Amino acid sequence: MRCVRASVLVLLTLGLLVVPGAMAWAGTEPLGERTAIVAAPADRRGEEQTFLTFPEWFLVFSPAEYADFVRRHTPDEFCFWGHIGQFWHGYGAVIDQTRARREPTNWGYHVMIVVIGVSTTVEYAIRSAYETLIGRLSAVVGSSRTAEDDYAAQVAQEYVDFIRYKPWYEFDFLGRLRGLWARTDFFGPNVLRKWERKYALTTEYVVKGVYGWLIGKATHTAYDAPIESTSVVIDSAAACAQLPDHVTVVERLSESRLLLALPRYQGFMGPAVALARCGAEFREIAGNRRVILVTVQGPDGATAPAATQIMLRQRIITVPGRERLVLIVPVADLAATLEGLGDQRMTLEHIFDY
């Protein structure tokens with residue numbers, strides 16, 4: 001029933017893209033903002049990017065939820081339309097927030113979000129229709145899961161593990177296609193389900209493999225390679241007897257303050273948490289000193305950690321009673337926020353390092 005309601009309301013969520021936001025939370029300016037930015041100009045990224053990367057990362061969160069779901073269920077039970085609605089609703093919240101904060105409009109990033117959003121909407125709509133009409137019929141006819149179901153679940157998890165660190169279009173879909181035909185038999189129990197799954201997965205892997213190859217060629221032609229590190233200034237550095245792995249000291253600014261280089265994207269989270277646990281305080285991230293976006297998962301109705309603002313709540317559709325909180329966190333309070341999540345029964349999902 002939730003999925004049915006989501007498919008009916010998805011057009012309403014798209015309408016959020018043109019609704020101006022309410023006044024955003026505004027904290028007092030930290031004293032540090034009056035001093036010069038430490039990060040080198042090449043290492044600075046606009047504050048708006050911590051917001052704009054949320055829709056992009058939702059397309060990691062959604063496949064992760066799907067991969068976890070299909071380990072125990074068939075894809076026809078997955079609420080594709082609910083995830084379409086959540087993507088566009090989240091993008092609308094991002095637009096509201098950046099408008100209210102008077103952030104500069106990063107047109108290139110907005111174009112990218114719309115392109116991947118439309119592509120995902122088309123993909124999920126087609127998969128929803130197919131799984132509802134054909135996939136569900138073959139699942140009902142079959143009395144148990146097939147080797148193809150298990151192989152598809154394995155590939156779905158491999159895909160999620162891959163895109164946490166690398167662009168989706170670099171994933172080897174055609175290699176997984178070869179694995180499908182090499183590792184599963186053509187005949188066997190539930191043969192109709194086996195044949196239907198082979199057809200569905202072959203089509204999916206071929207289309208994504210070819211489309212990904214084209215996107216990769218276009219991306220490498222149009223864009224420079226992204227910066228793979230994030231510049232971070234920490235205070236109370238002496239509290240950390242040893243810096244975490246994958247953290248490089250760029251410059252010692254004072255006895256207690258360091259300029260560091262941390263991995264970017266998913267690789268940022270582990271070292272950031274380790275620094276918070278050993279007592280370091282964040283003062284600047286990618287040249288930003290005001291706020292950074294963080295997502296956590298917790299029970300329905302969870303309250304925001306101290307000093308943070310909830311930008312958005314999203315139900316975890318496949319896990320009743322659990323939700324995602326998208327938090328706006330002052331950079332100076334990031335360490336304390338990360339440290340306090342366990343006490344509030346929340347799990348850190350991602351830190352959006354601009």
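The values are calculated or read from the model by the stated rules, or taken from the named source; none is laboratory data. Here the structure is a predicted model, which means the values were calculated and not measured. For neighbour counting, all protein chains shown are included, and Cβ atoms are generated from backbone atoms with ideal geometry for every residue, glycine included.
So here's what we get for this one:
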{"quantity": "Candidate set from segment 197-248 (those that are touching a residue at least 60 places away in the same chain (Cβ under 8 Å) and either assigned to a loop (DSSP other than H, G, I, E, B) or touching a strand residue (DSSP E or B) at 6+ places or on another chain (Cβ under 7 Å) (or both)); member that is surrounded by the fewest Cβ atoms within 10 Å (Cβ to Cβ)", "calculated": "Ile227"}
{"quantity": "Test for Thr53: is it closer than 20 Å to Glu158 by Cβ, among the polar types (S, T, N, Q), part of a helix (DSSP H, G or I) and not assigned by TED's automatic domain parsing to the domain that holds Pro330", "calculated": "no"}
{"quantity": "Qualifying residue in segment 170-191 (condition: within 11 Å of Thr146 (Cβ to Cβ), basic (Lys, Arg) and assigned by TED's automatic domain parsing to the domain that holds Ser143)", "calculated": "no"}
{"quantity": "Of all residues in segment 264-295 being out of contact with any Leu (no Cβ under 9 Å at 6 or more places or on another chain) and among the basic types (Lys, Arg), the one that is nearest to Ile163 (Cα to Cα)", "calculated": "Arg264"}
{"quantity": "Qualifying position, being closer than 24 Å to Ala152 by Cβ and assigned by TED's automatic domain parsing to the domain that holds Arg145, among Ala125, Ala93, Ala100", "calculated": "Ala125"}
{"quantity": "Residue satisfying condition, being at pLDDT 95 or above, over 30 Å from Gly142 (Cα atoms) and out of contact with any His (no Cβ under 7 Å at 6 or more places or on another chain), within set Val70, Val118", "calculated": "Val118"}
{"quantity": "Qualifying positions in segment 179-188 - loosely packed, with under 15 Cβ neighbours inside 10 Å and under 18 Å from Ala153 (Cβ atoms)", "calculated": "Trp181, Ala182, Arg183, Asp185, Gly188"}
{"quantity": "Given (1) touching a Lys or Arg at 6+ places or on another chain (Cβ under 8 Å); (2) modelled with pLDDT of 95 or more; (3) assigned to a helix (DSSP H, G or I), number of the condition Gln154 does not satisfy", "calculated": "(1)"}
{"quantity": "Checking Asp68 against (1) within 16 Å of Arg324 (Cβ to Cβ); (2) among the charged types (D, E, K, R); (3) outside any helix (DSSP H, G or I), the condition it does not meet", "calculated": "(3)"}
{"quantity": "Matching residues, segment 131-151, being surrounded by fewer than 19 Cβ atoms within 10 Å (Cβ to Cβ), small (Gly, Ala, Ser) and modelled with pLDDT of 95 or more", "calculated": "Ala147"}
{"quantity": "Extreme residue, farthest from Asp150 (Cα to Cα), among residues of segment 75-120 that are among the charged types (D, E, K, R) and part of a loop (DSSP other than H, G, I, E, B)", "calculated": "Arg102"}
{"quantity": "Members of segment 301-348 that are within 19 Å of His89 (Cα to Cα) and charged (D, E, K, R)", "calculated": "Arg313, Arg315, Arg322, Glu323, Arg324"}
